Amino acid sequence: MKPDLSLLSDGDLAGRSVAGDDDAFAEIMRRHRQRLYRLIRASVADADEALDLVQETFISAHAALERFDRDRPMAAWLARIAINKCRDWGRRRAVRRLFGLHTPVEDIADIHADDRPLQDTEVADRAELTRLSRAIAALPASQREPLVLCSIDGLSQAEAAGILSISEKAVETRIRRARIRLAELLG
């Protein structure tokens, strides 16, 4: 009889996964996918790219699972991998832009049900969310990453400092600068 994987710690799941239990890694993915998606989506401002980067994050995590310190929080470890994937994505995007191969993808409103808000309201809300996402994505990584980790992902400044390998004071300062810059961009 298999144990209920939802009751195991992330460290125990990592150990089982390293030993070849694919269901254990599936549980890790189930636990952390939404959080990673929010983190990545806020960094890249493109839903499709964010989904791809979540997959890349989990692929890299699976390959490096033997090196995971089971006494440390998996959420922080996965966030670090995700941030690195976002940085890589940004560098690839800059290279494509440099060579003129980048084509912007327009967001398309996807309206399915009649019980949704009025179409005008939904379009305005979606436009504002897209505008905000693009403004956040336009921030320098040094400001965007702490802002996303603390304001969107709900981590403490201490947790964000640990993930980013900077001091708590640096996190605080970068968040303040990010908010000032966002106000300028959205003003």
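The values are calculated or read from the model by the stated rules, or taken from the named source; none is laboratory data. Everything numeric in this text was worked out from a predicted model, so none of it was measured. Neighbour counts run over all protein chains shown; Cβ positions are idealised from the backbone, glycine included. The protein model used for the area step is the full one, side chains on, heavy atoms only, and it has no ligands, DNA or RNA in it. Shrake-Rupley method; radii C 1.70, N 1.55, O 1.52, S 1.80 Å.
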(message) Need the full-extension length gain, residue 69 to residue 94, defined as separation in residues times 0.36 nm minus the C-alpha distance. One decimal, nm.
(response) 5.7 nm
(request) Run the quick spin-label model on residue 51 and residue 166: label points 7 Å from Cα toward the beta carbon, then report their separation in nm to one decimal. (result) 3.2
(request) Give the long-range amide H neighbours of residue 139: residues separated by 5 or more places, or on another chain, with amide H under 5 Å away, using H modelled in the peptide plane at 1.01 Å from N. (result) none
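Tell me, in nm to one decimal, what length is gained between residue 59 and residue 186 on full extension, where the rule is 0.36 nm per residue of separation less the Cα-Cα distance?
On the way: separation 127, 0.36 × 127 = 45.72 nm, distance 3.56 nm.
Separation in residues times 0.36 nm, less the Cα-Cα distance, equals 42.2 nm.
So, by mean Cβ neighbours within 10 angstrom, what's the order for 136-143, 87-94 with the highest one leading? Please report the intermediate quantities before stating the final value.
Details: 136-143: 16.4, 87-94: 13.2.
With the highest mean Cβ count within 10 Å placed first, the list reads 136-143, 87-94.
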(request) Starting from the Cα of residue 22, step 7 Å along the direction of its Cβ; do the same at residue 6; then give the gap between the two resulting points in nm. (result) 2.2
(request) Round to the nearest 10 and report in Å² the accessible area of residue 33, as given by a 1.4 Å probe over the protein chains' heavy atoms. (result) 120
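As a test of reading the structure, rank 145, 184, 56 by solvent-accessible area (1.4 Å probe, protein chains only), most first.
Ranked list, largest accessible area first: 184, 56, 145.
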